[in-house]
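What follows is a single structure, written as structure tokens, with notes after it.
The values are calculated or read from the model by the stated rules, or taken from the named source; none is laboratory data. This is a predicted model, so every value here is computed, not measured. Heads up, the Cβs are rebuilt from the backbone with ideal geometry, glycines too, and the neighbour counts pull from every protein chain shown. With ligands, DNA and RNA removed, areas are computed over all heavy atoms of the protein, side chains included. Shrake-Rupley method; radii C 1.70, N 1.55, O 1.52, S 1.80 Å.
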Amino acid sequence: MKKSILIGISIVTVLGILLAAVALGFGNPGTKSNSFANTEVNEPVTKEEVQMALADTDTGISEIDINGIIQQAQSNVSFRIIEPSYIPSGYKFKSVEGRKFKGAMTDIDMASFSYKNEDEQLTIKETIMVKTEQKTEPSTLPKDTREIVDINGIEGRYSEENGIKVIGWKIGNLSLSVMSWKNEGQNQTRSSLSKEEMINIAKSVREKTPEEAIAEAQAKVSFKILQPSYIPTGYRMNTFQTSGTKFRGSSVELEQASLFYIKGDEFFMKNEYLNLMELLVTK
């Protein structure tokens, strides 16, 4: 079968491709819409729910990219969610959610990843203060006695209390934490994860380099991903959304590489985007 990079195609094929892309949640990342109509805003979206939603289509897709689930959570927070690249063996993805909390003194946005290994729980939280009112009283917080650990050159803190292992650290204004525990009836006990494994998880919660993002996308498609030799000043690759995907439908099969660029600061989503999509029709 002859394969070629898609440059010009018929209107019918375009419609088929667009329908397949929309069904999978591949839309404008700046548009805060819900690809799954039965999902409530601010509620965690599980992989099983996504699979059920796609089961009603004729796409026949065997592999679902978790990026679509994260994008739903992304629409509920103001910062760019960072997905962990390492999760210990045995832990299965359960959900990811994004929520806003408004308080009398502070407003925060928080994203949370949840994983499970039988009775053991693993949670990764990313939080940023959107608004806070300064207190004039001097701080009375006790001295931090938690163990100091290194997270990619950043000082983090590790502790074990009431059966919960916790690592906390900051990247700029973003506060991050990794927590693990085991449920035994109504009690929480220590999980089997070692401190070293907890540190490895924390170190994996970082933005990918452009080279890493392209390499991951390249591994999922058969054609050579082409990269632009010119990007306007101020734009940089959004490595979270850069991806490679295969679509298999009843009347069309194709591969897609998506390169996303944004103009903004390190964590906050902005309204200026550049999207480069490359399609290879194989059927």
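Of note:
- Of the criteria (1) part of a strand (DSSP E or B); (2) free of Cβ contacts under 8 Å to residues at least 40 places away in the same chain, which one Thr145 fails: (1)
- Taken over segment 151-179, residues that are part of a strand (DSSP E or B), over 24 Å from Phe79 (Cα atoms) and open to solvent by less than 50 Å² (accessible area, probe 1.4 Å) amount to 4.
- Condition check for Lys220: within 18 Å of the chain's Cα centre (by Cα) and open to solvent by 50 Å² or more (accessible area, probe 1.4 Å): yes
- Selection status of Gln241, surrounded by 15 or more Cβ atoms within 10 Å (Cβ to Cβ), in contact (Cβ under 8 Å) with a residue 12 or more places away in the chain and within 24 Å of Ser85 (Cβ to Cβ): yes
- Identity of the residue in segment 85-110, in a loop (DSSP other than H, G, I, E, B) and among the aromatic types (Phe, Trp, Tyr), that ends up farthest from the chain's Cα centre (by Cα): Tyr91
- Per this entry, Ile167 is not counted among residues that are within 24 Å of Ser243 (Cα to Cα) and at pLDDT 95 or above.
- Test: Ile201 is in contact with a strand residue (DSSP E or B) (Cβ under 8 Å, 6 or more places away or on another chain), surrounded by fewer than 20 Cβ atoms within 10 Å (Cβ to Cβ) and modelled with pLDDT of 90 or more: no
- Criterion: in contact with a Ser or Thr (Cβ under 6 Å, 6 or more places away or on another chain) and in a loop (DSSP other than H, G, I, E, B) - qualifying residue of Lys182, Lys208, Lys224: Lys208
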